[in-house]
Amino acid sequence: MSEEAVPGLRREAVGLREVLFQSITAMAPAAAVAASIPSGAAFAGGSLPLSVLIALVACLFTASCVAELAREMPAAGSVATYTAQGLHPALGFLVGWGYVFVEALVPPLLLLQLGFTTAGTLHQEWSSYPDGLWWPWSLAGAVVIAVAGYWGVRASARFGTVLGVFEVLVFLVFAVWLVVRAGGANTLSVFGTSHTASGYGGISGVFAGSVYTILAFAGFEAAAPLAEETKDPRRTMHRAVLGAALGIGLVYVLTTYAMSVYFGPDRFSRFGASGAASWEGVARASFGLFWVLVFLAVVNSTIANANACATVSTRTAFALARIRVLPALFARVHPRHRSPAAGVAVQCAVAVAVMLGLGLAYDPVTAFLLLATVIVTVVIGVYIVVNLACTGYFLRRRRALFNPVRHLVFPLLGIIAFVPALLTAAGLPVFDFVTELTAPVSYAGPVVGVWMSAGAVILIFLLRRHPERIAETARVHLDETSTPAPSQSGAVQP
């Protein structure tokens with residue numbers, strides 16, 4: 001397919017509200033509050049609110065870098081384009097190659113969680129329901145996401161907005177309720193180091209908790225691939241990325257504080273993702289049928305997150321296919337809905353195959369952990385590279401706009417914040433709180449290695465046969481006149 005034959009995505013289809021919730025739902029706030037953030041309690045204990053606050057500040061450094069680049073380069077290629085412009089087109093291709101891979105794996109990850117969460121809850125309520133009958137719920141979720149994606153960005157983004165509002169409201173209302181019920185137990189001491197878990201005293205426990213909490217922020221950049229379908233993309237992308245990271249970060253702080261003071265800061269190291277000492281457990285024990293809303297919010301969060309990341313993967317694949325570094329199939333746009341319909345179909349097929357293949361070969365929880373490790377490892381690596389790209393872009397291409405704080409200090413602090421999280425996600429025991437991965441979760445490293453090695457082989461082939469295609473990873477299609485022209489060597493001319 002020639003470049004001229006590739007129709008574009010629907011321009012100005014969505015606004016700030018939709019792209020803001022694109023990032024919010026990609027962060028899966030309800031699932032993060034209920035299942036991800038509590039993992040840090042084993043280290044930070046009742047001081048987990050301080051860990052979350054530190055993680056929020058740390059993530060805002062990287063969110064600021066992504067927002068700055070999104071404002072300068074509104075492109076469906078997002079992180080691939082940023083890296084190509086800020087560092088080199090070859091690195092941009094590799095970042096895009098890794099990013100489209102892991103974003104395509106997020107839907108099966110969340111569909112697995114949808115399946116085992118629903119089946120487990122139904123079994124708990126009605127013992128006659130088989131605990132292992134999870135896959136029908138996962139398949140139903142896959143159909144919903146595929147239909148939303150097929151109908152185009154307006155349908156999928158508005159669907160995500162509705163889901164996002166519901167899950168955030170449920171946990172905000174529950175948090176306020178917990179604070180009120182805590183009464184005199186409310187204390188700002190949870191923002192200190194006096195309640196950390198045994199064996200992780202003081203700031204070391206808080207730091208360990210923050211490393212695990214940082215992983216709950218992944219997804220704040222998900223608005224960026226919608227740039228070519230958004231009204232006033234330069235302004236909107238900047239506000240959406242920063243707004244999602246800051247807004248949901250504050251939700252994380254409030255909800256963690258509320259549960260810590262209600263449950264008891266000195267007992268909070270026993271708090272987790274399931275059982276009596278969990279969000280659902282507390283809701284069941286103390287708030288009657290409110291636990292149903294908590295359960296629905298978590299289920300809702302899995303669908304919303306899968307929907308958002310399916311949009312990210314199909315738009316990134318579209319951007320790479322448009323410049324002919326991925327098969328032209330992914331660049332085919334539906335004539336009416338202007339959605340990458342073929343990409344949506346492939347995404348759905350991959351999601352179902354991976355979900356059923358891994359879920360039935362192992363079990364849905366083990367499959368979830370394996371996919372989560374693959375995804376988080378690559379995404380955090382992408383964040384680190386994008387931080388570097390931010391500095392490179394403003395030093396090399398926008399020197400007049402270079403700000404030492406936003407474009408040098410913030411990227412450096414973002415890298416420092418995410419390196420421990422990367423080591424933790426990969427199970428590399430550099431710190432004493434990192435747990436070494438066991439099989440099959442430990443297969444995540446080889447899986448990432450094989451995929452990125454395949455990308456390197458394709459990169460070498462394209463550099464030798466079609467260097468102009470790699471060079472075009474730096475192209476910003478919405479603003480051709482301001483985009484540096486690619487050279488035949490594959491580098492972008494300043």
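Structure above, values below:
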quantity	calculated
Solvent exposure of the chain as accessible area per residue, Å², 1.4 Å probe	37
Modelled FRET efficiency - R0 22 Å, residue 345 with residue 12, Cβ distances, 0.05 increments	0.30
Accessible area of residue 129 in the full protein assembly, 1.4 Å probe (Å², nearest 10)	50
Convex hull volume per residue for the chain, taking Cα atoms only, in Å³	132
Ranking by accessible area, most exposed first, for 384, 323 with a 1.4 Å probe	384, 323
Where only alpha carbons of segment 190-236 are counted, the Rg and the Dmax (Å)	18.3, 52
Rounded accessible area of residue 270 (nearest 10 Å², 1.4 Å probe)	150
Quotient of C-alpha Rg and 2.2 N^0.38 Å, computed over segment 74-132	1.89
Accessible-area ranking of 377, 302, 193, largest first, probe 1.4 Å	193, 377, 302
Linear extension gain, residue 231 paired with residue 432, 0.36 nm per residue minus alpha-carbon span	67.6 nm
Cβ charges +1 (Lys, Arg) and -1 (Asp, Glu), total dipole of the chain, debye	1060
Sites residue 400 and residue 329 - FRET efficiency at Förster radius 45 Å, r taken between beta-carbons, to 0.05	0.65
Rule-of-thumb Rg ratio for segment 402-461 [Cα; 2.2 N^0.38 Å; N residues]	1.55
Residue among 265, 317, 305 farthest towards the positive dipole end of segment 217-319, charges placed on Cβ	265
Percent carbon-and-sulfur accessible area, segment 254-341, ignoring ligands, DNA and RNA, probe 1.4 Å	59
Distance between modelled label sites at residue 203 and residue 139, nm, 7 Å Cα→Cβ extension	5.5
Cα pair count fraction exceeding 25 Å, expressed as % - segment 138-278	45
Dipole of the chain, positive end: most advanced residue of 365, 106, 177 [Cβ charges, Cα centre]	106
Rounded to the nearest 20 debye, dipole of segment 1-158 from Cβ charges on Lys, Arg, Asp, Glu	240
D_trans [Stokes-Einstein, Kirkwood Rh over alpha-carbon pairs] for segment 25-106, 25 °C, 0.890 mPa s, µm² s⁻¹	164
Over segment 287-401, equivalent-ellipsoid semi-axes from the Cα gyration tensor in Å	32, 23, 17
Overall form of segment 102-194 per C-alpha gyration tensor (a/c, 1.5; a/b vs b/c)	oblate
Per-residue SASA entry for residue 71, accessible area with 1.4 Å probe, Å² rounded to 10	80
Sites residue 125 and residue 468 - FRET efficiency at Förster radius 35 Å, r taken between beta-carbons, to 0.05	0.05
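The values are calculated or read from the model by the stated rules, or taken from the named source; none is laboratory data. In this text the structure is predicted, and so the values were computed from the model without any measurement. Counting neighbours? That spans all protein chains shown, and the Cβs are built from the backbone with ideal geometry, glycine included. Each accessible area value is taken on the protein alone, full model and side chains, heavy atoms only, with ligands, DNA and RNA left out. Shrake-Rupley method; radii C 1.70, N 1.55, O 1.52, S 1.80 Å.
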